[in-house]
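Reading through the structure tokens given below for one structure.
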Amino acid sequence: MRVVLPVRGSTGDLRPSLAVGLAMRQRGHEVIVVSHLVYQSVVEQAGLDFRALDDSAEAQAFESAASLLQEARGGAEFWRNHVIPGLLRETRILLDLCRERASLLLLQPVYDMAGRFAAELIDLPTRWLFISPAMVSGMAMRVGLVEELAPQLNQVRDALELPPLHDVSTWLSYAPENPALWPDWFAPDLQRPDITPVGFPPVQASSAEPGSRVLISGSTGRFLPGSLFEVAVAACSRLQLPALVMSPFPDLIPGDLPPDIEVTGFQPHQQVMPQASAVIHHGGIGTTISALAHGRPQLVLAAGADRPDNGLRIQSLELGRCLLTARWTPSEVAAALHDILTSPIIRERTTYYRQRLLTGGNPKLMTDLLERAAQTPWKPTPPPAKTGLAALSPERRKLAEKLLRQRRQQAQAAEPEGPRPAAPAQQRIWLAQQLDPDSSAFHKVHGLRLSGPLERPRLEQALQRLVERHQVLRTNLRWVENDLLEVPGGGSEAWSYTDLSELDPTLHWEQIQRFGLDLVDRAYDLAAGPLLRPHLVRLGEQEHFLLIGLHAAVSDAASTEVLWRHLGQAYETPEATQESVSFGRYARTLQASLPLEQLVAWWRAQLAGLVEVEPPLAGPRPERLSNAGAGYLLTLPRATLSSLEHLARARGVTLFVLLLAAFQALLQRYTRGLDVVVGTRAAGRTHPDTLPLIGPLANTLVLRTRADGDPTFLEWLERVAAMWRDTQAHQNLPFQTLVEALQPPRRANRHPFFSVLFYLQGQPLENLPWGDLEARQVLLKRGTTSDDLALSCRVVADQLRCLFEYRTDLYPTETIHTLGQDWTQLLEAICQQPETRLSQLPPHHHRQHPVPSAQAEAPVLNGPPQGALEGQLADLFARHLGLTEVQRYDNFFRLGGHSMLGARLLIDLEHQAGRKLTLTTLFESPTVAELARILNQKRGPEALIQLQKGTGKVELVLVHPASGSLSIYQRLLDHLGPEPNVYGLQALWQGDVPEHRTLQAMADHYAEQVRKLPGPCVLAGLSLGARIALQVAHRLPPEQVRRVVLLDGWGPGYPRFPNLLVRLKIHLVRALRQPPGQRLDYLKLRVRALGELLQRRLRGLLHRLRPSTDFAGYFSPGVTQVAPIRYEGSVLLVRAREQPVACFPDPRLGWTEQLLPHLEMTEVPGYHGFMMHDPNVVEVARILKDQL
């Protein structure tokens, strides 16, 4: 076979192609390199055949004009004058070479037009060689360039008798399985079905110890900023370090160099790298790889082409530092150079990655891939036939294209503020919130550690500019006239500030986690907003922590990087103009352009005959699920990760696909079924227009693999890889649209299609552009989940971290630990023996799994609606479903209804009948007769519900706190164990209004309910629930109440704070005790804290004045107006160790001896808001079990 390698560009573009050519020649293939005449000697010295694509004058003009590529608009001019004139000749050279014998054409993505033309003319196997990751991210930019050059390119195509180009983006597609010359650990974010990482090209590297000189290299680059060498030399001089400056172009090197700075022309890297202690270079991929192979720390001064991308990847792997041109100052370069020379982390990681690079390569993977490609000819997607503009004359077509461009520019302008239809993802999230209005599963919190001299006013201004830039951050979601709309809102909530600088630093993280959970626990009003909440925590003079709370309706996981980068840009350059972006406009445009019929048809075929299987290890599924969740983190060692990466490379798949196949294999071992289905969430950011957007673009995908025939794991891996490629090609169909089209069986307690999810996540962001601040993303824990079971994997510090997140309603902790052990064993097994059949993979133990019962539904005698209410409901069903009539037992969802139609029906029902029902109720009672029965029910008996049936003789009754919900006690139930009988008292509602408007009425009703319990009970309540528990106990016979447990319930008058004058006196005395130089700083700090306190008090006052539907908003005034009672029974006060800061200490929390004469006290760790969170809740559970 003949391999033809056309190469335009510099020696940096040529050398990777030479490495590939040599590997293919060693496999016995003929290799011909087609390049500039000036490279003939280099190619022939490598032992490869050469063909010139130009003469000496053209090659010199091409190299001289390459500086145009550094300019914003220079690319098009360069192509018009120095590439397109030679395209016809280059295409004919390639055609002649490839027609002589069976050939494989191997192109580089940038200058591949002649190769595309040749492949279009003859059946020619063609692949693309990606030599750096930036070539992947730059593919989107080429569409605009080629569209601009289309008239000139079409002249060449006309000479070749090819039809003109019209649909450029389709024509610029790539063949499958193109080799990428880097390992997957170098670019873990680039997971595409058409790109296969095969490792870096082979490098000759010395094992010598580092030398004493710094190597300053521009390699063979001609068009580099002269200041690169200038600042590098100045930095070495500042640190008094000897250096070797290497460049073949003396005019780039400054004069009057110090005596310890030596200059040399270009030398091979294997000769100069061993002498270097560190390398300062321009970021070219060749120098980057060579420094990696020699184990030298790198300082990349990156400008242009792929260099910034390479440098930032080196920095993210902690192999060095990267500075973009704006930061090229002698002081910054000297500081970065000192850092890479002294950092033990960088030293350790350069050694590790050097060994990994030298031992982890697999040249056979690339050559096998290319030999397979030679068996499958590929043609570009042919341009469509001449229709529309193509049918016009050149003059009219030019005029029509101008008009279309103007319309496109007008459409891309910022939309005027006003109601717009919500995006599909926003509809899905809004519907899920309606299913469980109290859930915090869609409340997100993001953390950023900021080191350096932070300016608070500047940060506030930056956030305001971020909100102005992103329309989605200043919008709300509101139901208007049977449609969900995105309406203008108020933007960000007022800032919250906390100063922890005087707190013990070892307690900082616990407090930050507390603030994060507070942001998650607080309810959002999607209709009124705001949906963004900032909280700044001061940890020290130069250390701050920024928390941003967001609702999932305006953000997703991929938005986090955009959020931090754009906020950093606004902070770094406050005066810069920032382009406004609209998530809503893009989402609506995408939705309108989707080929819905084709996408739905593919998904219908893909999911046909799908059998829903209960998730592994789950017990009986409760009718209603809370969002209480927990996590189990499993860290797999470096050796396991290396083995997995090696297996993925050997099979030509990404690490994501390999882990997905392994996880699906594990699920198949548990379920023993032929269908294995998991979900995942794709980022939905395949188009370049999505890169600067904040918004919920992520889409849920259903990943189904059939396990017929007991395949080996390698065969299974091929099935999963093929399924993933097909799914990616059809990923744009919104999940909500898929559900509405396919109408799967719906239940309120189960996700449609699947119950288990899998993700592979990127590393936390570091070294974000924040001016003179060092910014690092920090991941925060959350105590809720919207998924039954999810496995998310992340590569961090050369280890594979696997996090199992699960609903505590379904999975006990020990079950998830067993699942983690089985996951570890299976990964080890597939690494050691990948040819093992699925049936022989671990786990080998047999587990009992719940099997859906096949009970037939009792026959129901259907008929017309009975009574006025059923008639009203039947009319609503018919109107929303587009039917003429509906029978009383017709199922809303089987008649074609879906979630959005259900939401519209319930809103109409609320307007007509005055009763607000949730979507959960509609799922559970989907017929006219069942809904009528629900509406006719009286609400009394629902206050007392059984939470757990145990064997104990004493009942534990948990009383709801101010929220009115019992979900706060979910973790407590997990730790109480199965023995106690546990009941709960929950608030009752009439629509949005609580049934009981006073504490007396509520306590009377609750006491009546508790009297029905068979045995004695222990009443326990958290916060406001403690006061309610006392009131209920006071109304019950003494023999029925064994004890009342007050879980950090505050008595009358607690907490009490000193007045303002006393506080000022205290702080003045403390200031005088400070050293003389610190007194003023102390007073400034206190004044700032006082201002923050007044702001919080004012916000609280305004909140109380605003109408509220929150339970506490109705009952808190009623509680304060009730006279305290004296209770003679036994009471235990469980007090949180951390009470409000600066309040007068009171161990009884306001419960005087006159009120509670038989009060005992104990203490648990933590703060009031953390009593029901791990690990504090474990101690609370132990105390309660002792009372039973």
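The values are calculated or read from the model by the stated rules, or taken from the named source; none is laboratory data. Just so we're clear, the structure is a prediction, and the values are computed from it rather than from any experiment. For neighbour counting, all protein chains shown are included, and Cβ atoms are generated from backbone atoms with ideal geometry for every residue, glycine included.
All conditions but one from (1) on the phi < 0 side of the Ramachandran plot; (2) without any contact (Cβ under 8 Å) to a residue 40 or more places away in the chain apply to residue 270; the one that does not is (2).
Of all residues in the stretch 1148-1162, those being exposed (fewer than 14 other Cβ atoms within 10 Å of the Cβ) and not hydroxyl-bearing (Ser, Thr, Tyr) number 5. Within the stretch 88-103, the set of residues being surrounded by fewer than 22 Cβ atoms within 10 Å (Cβ to Cβ) and at pLDDT 85 or above comprises 88, 89, 92, 93, 95, 96, 97. For the stretch 887-932, the set of residues classified as among the small types (Gly, Ala, Ser), buried (at least 19 other Cβ atoms within 10 Å of the Cβ) and under 19 Å from residue 865 (Cβ atoms) consists of 897, 902, 929, 932, listed by residue number. Checking each residue in the stretch 303-339 for being over 17 Å from residue 289 (Cα atoms) and either in contact with a Leu (Cβ under 7 Å, 6 or more places away or on another chain) or in a loop (DSSP other than H, G, I, E, B) (or both) picks out 303, 304, 323, 328, 329, 332, 333, 334, 336, 337, 338.
Please work out which residue is surrounded by the most Cβ atoms within 10 Å (Cβ to Cβ), limiting yourself to the stretch 276-297 and to residues that are in contact with a Lys or Arg (Cβ under 8 Å, 6 or more places away or on another chain) and closer than 16 Å to residue 232 by Cβ. Residue satisfying both the conditions and the ranking: 283.
In the stretch 520-528, the count of residues that are touching a His at 6+ places or on another chain (Cβ under 7 Å) and surrounded by fewer than 21 Cβ atoms within 10 Å (Cβ to Cβ) is one or more.
Only residues that are of a type in the set (D, E, K, R) and either modelled with pLDDT of 90 or more or part of a helix (DSSP H, G or I) (or both) were counted in the stretch 544-566, giving 2.
Residues of the stretch 458-490 that are part of a strand (DSSP E or B) and in contact with a helix residue (DSSP H, G or I) (Cβ under 8 Å, 6 or more places away or on another chain): 470, 475, 477, 479, 484, 486, 488. For the stretch 271-287, which positions are among the β-branched types (Val, Ile, Thr), touching a strand residue (DSSP E or B) at 6+ places or on another chain (Cβ under 7 Å) and either under 16 Å from residue 303 (Cβ atoms) or in the same structural domain as residue 19 (by the TED database) (or both)? Within the stretch 271-287, 280, 287 qualify. Anything in the stretch 895-910 that is in a helix (DSSP H, G or I) and over 32 Å from the mean Cα position of the chain (by Cα)? List them, or say none. 905, 906, 907, 908, 909, 910, listed by residue number.
Kindly indicate the residue of the stretch 145-199 that is over 15 Å from residue 652 (Cα atoms) and aromatic (Phe, Trp, Tyr) and also farthest from the chain's Cα centre (by Cα) among those meeting that condition. Among residues in the stretch 145-199 that are over 15 Å from residue 652 (Cα atoms) and aromatic (Phe, Trp, Tyr), the one farthest from the chain's Cα centre (by Cα) is 171. Every condition in (1) part of a helix (DSSP H, G or I); (2) surrounded by 14 or more Cβ atoms within 10 Å (Cβ to Cβ) is met by residue 507 except one, and the failing one is (2). Against the test of being among the β-branched types (Val, Ile, Thr), in contact with a Gly (Cβ under 8 Å, 6 or more places away or on another chain) and modelled with pLDDT of 90 or more, the options 43, 31 yield a single qualifying residue, 31.
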